[in-house]
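What follows is a single structure, written as structure tokens, with notes after it.
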């Protein structure tokens, strides 16, 4: 199996973004057929954990999170996962409130920033979790 894997890696090459293969199928990685195979639950969970660890590291580099308990930190990372780090970092008033332990103001500022935008229903739970410091 090892030799087969190495051969396919050489032949296909690694693609970090989806592209269409010669057979017209959307593929990623070393030829994973997303149209026919997709990804398994276990693979999605590994990707999610990797993404969240990356976001946590980026958040810690850009925002002083020392005042966030685990529930608040989770709410923030969940929101960053939803919005994207680049967009979240534009919310300077939110970040200032977080860094100054004013989670009520952070929640109010987030509501202003996100006003009239399509957001999943769970966003309200995340904002409550951020403000209260309690898991929702």
Which condition number does residue 46 fail, the rest of (1) more than 18 Å from the chain's Cα centre (by Cα); (2) surrounded by fewer than 13 Cβ atoms within 10 Å (Cβ to Cβ) being met? (1)
What number of residues within segment 40-69 satisfy the criterion of being closer than 20 Å to residue 130 by Cα and touching a residue at least 12 places away in the same chain (Cβ under 8 Å)? 12
What pairs can you find where one residue is in segment 108-136 and under 16 Å from residue 69 (Cα atoms), the other is assigned to a helix (DSSP H, G or I) and at pLDDT below 85, and their Cβ atoms are less than 9 Å apart, with a gap of 6+ or different chains? 127/114
For the list (1) more than 30 Å from residue 130 (Cα to Cα); (2) at pLDDT 95 or above, I need the number of the one condition that residue 20 fails. (2)
Qualifying residue in segment 76-87 (condition: under 21 Å from the mean Cα position of the chain (by Cα), at negative phi, loosely packed, with under 11 Cβ neighbours inside 10 Å and in the same structural domain as residue 128 (by TED's automatic domain parsing)): yes
Selection from segment 1-19 of residues in a helix (DSSP H, G or I) and over 13 Å from residue 31 (Cβ atoms) yields 2, 3, 6
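The values are calculated or read from the model by the stated rules, or taken from the named source; none is laboratory data. Computed from a predicted structure; not experimentally measured. Heads up, the Cβs are rebuilt from the backbone with ideal geometry, glycines too, and the neighbour counts pull from every protein chain shown.
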